[in-house]
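Below is one structure; the comments refer to it alone.
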Amino acid sequence: MKIWLEKIHLDLKVNWKLSRNQTNFKENFIVYLETIEGTFRSEIAPNIRYGETVQNILEEFHGWLSRQDISSILSRDALFESLKVVQLHSLRFGIESVFLSFFAHKKRVSLGQYLNLPGIKSVETSFSMPILPVGEIADYLKPLERFKSLKIKVSEESALEMLQEVRKHTQAKIRVDANEGWKSLEGYLKFERSLSGMNIELVEQPFPALMKDEYKELKKLTSYKILADESIEDEADFGELSKQFHAVNIKLMKTGSLVKAKDFLIEAKKHGLETMMGCMIETTIGISYGMLFSGLVEYVDLDGFLLVKDENFHLVHEENGVLTSPHKI
């Protein structure tokens, strides 16, 4: 048995600008697990927001590998025990998911069946727009008429001007994604009062995750569904989150685990929260794992592969804004 990482360079179709950073490329890893049953793949998409870099992914992976007898990881218990030392979320996901794919194959079932998940559905995804100069918005939106929901990345400085321009060119539902861009409750509420008539579906993480008291107050005052993203990592108190938010965005690369993602979605629903399956910028290898949860969530935001210039794996298809995953993993 052998496991290794292959670094891949992904050029993006546009300059990907958020309220906290920007880039025109992404460097991810494909995880390979070679066994007598075949070779299995997963993906690691590092995110600097969670302290992840290409370099520390490699360092922690090789540190983990040096302490393992890979051939002895033949059960979930052995796998989870080995992963206790892995701190980086996306690395933990990449290792866990490739082994679980192997375990499912050994039992001659799909990974979804192995995890007791509902069958994969064809689902509508939103499509994301980065922070853009207002003069570029019309051209960006022109080819996106097939999507019924658009996720618009915003900053406090340009959000209103951007959204006013977006409404001129689309009737799609708008998911406003601030990536913690506002620094005060008062500043955000002033912005929210300007959104009347803009067909807002939800607002995602308007200010930093540490502002818990402000989120509790916002939930009492807001006119919109407020969605948690950065407030959830690989640990989450859904009783507490339900006091702050109406919905939660679960991403495999930040929960670090397929098993934990399922538990999170179930626990969120117990606390009355709606759920979204989201993603980082990933190839369809990573996105195909997110598709496993398509039958468990109210919202899907799995467009990361559509932002990549040349996606070479083609494990998920998009047509008219609808995703299908014909390949079993």
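Quick note: the coordinates plus some simple rules give every number you see, no bench work behind them. In this text, all values refer to a predicted model and were calculated from it rather than measured experimentally. Positions of Cβ are backbone-derived with ideal geometry, glycine not excepted, and every protein chain shown enters the neighbour counts.
Quick rundown of the values:
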| quantity | calculated |
| --- | --- |
| The stretch 123-324: relative contact order in percent, alpha carbon pairs under 8 Å with at least 6 residues between | 18 |
| Peptide ranges 91-102, 159-170 listed from the most packed, as the mean C-beta count within 10 angstrom indicates | 91-102, 159-170 |
| In sequence order, calculated HN-Hα J values of the stretch 131-142 (Karplus, 6.51, -1.76, 1.60; Hz; x Gly/Pro) | 5, 10, x, 3, x, 9, 5, 4, 5, 5, 7, 3 |
| The chain - share of DSSP beta bridges that are antiparallel (%, nearest 5) | 50 |
| Highest-first arrangement of 269-280, 215-226, where packing means the average Cβ count within 10 Å | 269-280, 215-226 |
| Pairs of lysines in the stretch 184-301 (C-alpha under 12 Å apart; 8 or more residues apart or interchain) | 6 |
| Surface/4 of the Cα convex hull for the stretch 205-329, nm² | 8.2 |
| 20 Å-binned pair-distance histogram of the chain (Cα, whole percent) | 32, 58, 10, 0 |
| For the stretch 1-60: relative contact order, % (alpha-carbon pairs under 8 angstrom, 6 or more apart) | 29 |
| Cβ crowding within 10 Å averaged over residues, with 191-200, 63-72 ranked highest first | 191-200, 63-72 |
| Amide H within-cut-off set for Asn28, under 5 Å, with H built and near neighbours excluded | Ile8, Leu10 |
